[in-house]
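Below is one structure, written out as structure tokens; comments come after it.
The values are calculated or read from the model by the stated rules, or taken from the named source; none is laboratory data. Everything quoted here is computed from the prediction, not taken from an experiment. Every residue, glycine as well, gets a Cβ built from its backbone with ideal geometry; the counts of neighbours run over all protein chains shown.
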């Protein structure tokens, strides 16, 4: 093989290797982006809380299951993780509350999948709040106050 043939062959091998590295990089990047797009916001928030130096949690058992509230003041987020939630009719939903003394503050609604849920609360938790869950009409309590007794109540003190 002549010197120019060897150079052409070496350039071809180098180009092939560069293409393979590029394809692997694109595949890896696509996988990372797809994972980020498919991760629910509540799971992302829970990861942030768990990495925070001031992460805290409290757990309770309730009729049929267990629920844990996770929070971090520095992150400013609260997430409820529950298993064993009851199956609800389609015209009902779970509603989250921050209970401050005797005053419930709405913190969003969520649905359970197979009795399990990871839900991020909206709003700001204050020290001493109790995290509560009630069963409300679809879309949440029409009055802004619970219409049923809590099925879960987690003190955060």
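Go through (1) exposed (fewer than 13 other Cβ atoms within 10 Å of the Cβ); (2) in contact with a strand residue (DSSP E or B) (Cβ under 8 Å, 6 or more places away or on another chain); (3) free of Cβ contacts under 8 Å to residues at least 24 places away in the same chain and name the single condition residue 147 misses.
Unmet condition: (1).
Go through 134, 109 for me and flag whichever is closer than 18 Å to residue 41 by Cα, at pLDDT 95 or above and assigned to a strand (DSSP E or B).
Only one candidate qualifies: 109.
Restricting segment 112-131 to residues that are touching a strand residue (DSSP E or B) at 6+ places or on another chain (Cβ under 9 Å) and not in a loop (DSSP other than H, G, I, E, B), which is surrounded by the most Cβ atoms within 10 Å (Cβ to Cβ)?
Among those that are touching a strand residue (DSSP E or B) at 6+ places or on another chain (Cβ under 9 Å) and not in a loop (DSSP other than H, G, I, E, B), it is 131.
I need the full set of residues from segment 48-74 which are in contact with a helix residue (DSSP H, G or I) (Cβ under 6 Å, 6 or more places away or on another chain) and buried (at least 18 other Cβ atoms within 10 Å of the Cβ), in order please. Spell out how you get there, then give the answer.
Filtering segment 48-74 down to residues in contact with a helix residue (DSSP H, G or I) (Cβ under 6 Å, 6 or more places away or on another chain) leaves 55, 70, 72.
Once the filter is applied, which keeps residues that are in contact with a helix residue (DSSP H, G or I) (Cβ under 6 Å, 6 or more places away or on another chain) and buried (at least 18 other Cβ atoms within 10 Å of the Cβ), segment 48-74 yields 70, 72.
State the number of residues belonging to segment 67-93 that are over 17 Å from residue 45 (Cβ atoms) and in contact (Cβ under 8 Å) with a residue 12 or more places away in the chain.
Qualifying residue count, segment 67-93: 10.
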